[in-house]
Amino acid sequence: MRRLLTNAASLALGVIVLAGLRWTTPGYAVLTGPLPSDGRAGTTVAARGFTVRIGDVELAKSLRYRAFGRTVERTSDGVFAVAHATVEATAQSTSLGGIAWEDAGGIVFAHSRRVDGAGALLLGKRLQPGLPQQGLFVFELPRGALKSARLLVSESAEPRLDSQARIRLPDDLQGRAVSEGLDLDESARAR
Amino acid sequence: MSVTGLWRRLALRVTIGVGGAAAVLLSLGQHLFDRHEKSEVVTLPVGAPVEAGEWLVTLHGASIRTTTPDGRQLRNGQRAIIVATEMTNRTGSTSTDFYSLLRLDAPPSTSPLRPTLYLARDKELLTQLQPGLAESVDVAWILPADQPPPASLTLSVMAKTFKPRDNLYAAPGWFNEHVVGTVNFPIERGDGNGTAGG
């Protein structure tokens, strides 16, 4: 009887331990996910193949830029956030395919494709080592996504086992004034 | 053979028999339940938001035109059915998974696989939809030139189900496309050319 009880107890313990291991093992997607390198706006954040430094963030209700010989105007029900950035390749030529805005709740807004063709964008632009480039990251967001946000920057759009710069943005963004219209070309030239 | 041996064999047979019968009944019941579920096609309202997995979609109405929503003239007498919608991305990230949201069941189109979507705000092709930002989107299907202009259309609203961990990568994602319901509504004549050649 005693032996039976011991066996049953050890079996139950084994089941519990194995279930615990099974439940706490991170999934394949987590294990092979991006390798974060954290930093703050205003400082240079180094990732595996590039460095990025975020400067000022401007907010606007509409954007204007010249592309293909005409002026394009973009309006939004939310707000456009335009981040000034300096990026540079470190080891070899590369480009940034993943530029996103993550709000406090973890919702990820990809770089807006509605401003494709604007000259000052850094998304997909060829970067060379030793030649820092200044330009803009443009996001279209609801007003609520401005609070305690961070930028996620990586070489591939969905980095797997590759580094991703995570840049904490200033906390006062939500209180900042939103301009009626912003000219992307002028804004990029001004700095 | 002893009485115990006979009794054991009988018990074994009865157990197998009961188990088999239970399996057959369960499978039959499941099959009937699935059939019942599949036969129920909901008719969705026009002009009210419909929850369709990743999307919250409102269908406003349909028109038939000879120009696409970005202002280009269709060639060879083709016409386009254009459904005016409002779409909101309900997921946690920017999405481009909107081509399969609406399926045209009738009339038949020459673009059967995927419609073309236009962002009404820009009058350009829709490239992405940001989470939580509702946008007016025009969904266009091209009709063959020799087909008479239809008076009404039937759409299916499709949805996918969220899985926090998929079977292959244990990553969150949207899978298993299914029909939420169908909508049938009249087509307005758009720019006067809807009846031409029909």
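The values are calculated or read from the model by the stated rules, or taken from the named source; none is laboratory data. What you see is a predicted model; the values in this text were computed from it and never measured. Virtual Cβ from ideal backbone geometry, glycine too; neighbours counted across all protein chains shown.
A few comments on the model shown:
- Conditions (1) touching a residue at least 40 places away in the same chain (Cβ under 8 Å); (2) out of contact with any helix residue (DSSP H, G or I) (no Cβ under 7 Å at 6 or more places or on another chain); (3) farther than 22 Å from A:PRO34 by Cβ; number of the one not met by A:THR75: (1)
- Answer residue from the stretch A:5-57, given it is more than 14 Å from chain B (Cβ to nearest Cβ) and part of a loop (DSSP other than H, G, I, E, B) and is surrounded by the fewest Cβ atoms within 10 Å (Cβ to Cβ) among those: A:THR43
Per-residue answers, yes or no, for (1) at pLDDT 95 or above; (2) touching a Pro at 6+ places or on another chain (Cβ under 9 Å):
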residue	(1), (2)
A:GLY20	yes, no
A:THR24	no, no
A:ALA29	no, yes
A:THR44	yes, no
A:ARG53	yes, yes
A:SER62	yes, no
A:ALA67	no, no
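- Residue within the stretch A:99-115 that is out of contact with any Ser or Thr (no Cβ under 6 Å at 6 or more places or on another chain), in contact (Cβ under 8 Å) with a residue 60 or more places away in the chain and more than 30 Å from A:GLY27 (Cα to Cα) present: yes
- Residue pairs whose Cβ atoms lie under 8 Å apart, separated by 6 or more positions or on different chains, with the first residue in the stretch B:131-147 and within 14 Å of chain A (Cβ to nearest Cβ) and under 28 Å from B:SER95 (Cβ atoms) and the second β-branched (Val, Ile, Thr) and in a loop (DSSP other than H, G, I, E, B), are B:PRO131/A:ILE107; B:PRO131/B:THR91; B:PRO131/B:THR94; B:GLY132/A:ILE107.
- The set of residues from the stretch A:157-191 being in a strand (DSSP E or B) and among the acidic types (Asp, Glu) comprises A:GLU180, A:ASP183.
- Within the stretch B:101-151, the residues that satisfy the criterion of being among the small types (Gly, Ala, Ser) and either over 14 Å from B:ARG65 (Cα atoms) or at pLDDT below 90 (or both) are B:ALA106, B:SER109, B:SER111, B:ALA120, B:GLY132, B:ALA134, B:SER136, B:ALA145, B:ALA151.
- In the stretch B:105-113, the condition of being surrounded by 18 or more Cβ atoms within 10 Å (Cβ to Cβ) and aliphatic (A, V, I, L, M) is met by no residue.
- Strands (runs of 3 or more DSSP E) wholly inside the stretch A:94-156 that include at least 1 residues being more than 18 Å from A:GLY55 (Cα to Cα): A:98-102, A:108-110, A:133-141
- Condition check for B:VAL18: in a strand (DSSP E or B) and among the aliphatic types (A, V, I, L, M): no
- Candidate set from the stretch A:60-78 (those that are surrounded by fewer than 19 Cβ atoms within 10 Å (Cβ to Cβ) and of a type in the set (A, V, I, L, M, F, W, C)); member that is nearest to the other protein chains (Cβ to nearest Cβ): A:VAL72
- Any chance A:LEU184 is farther than 26 Å from B:ASN89 by Cα, in contact (Cβ under 8 Å) with a residue 24 or more places away in the chain and surrounded by 20 or more Cβ atoms within 10 Å (Cβ to Cβ): yes
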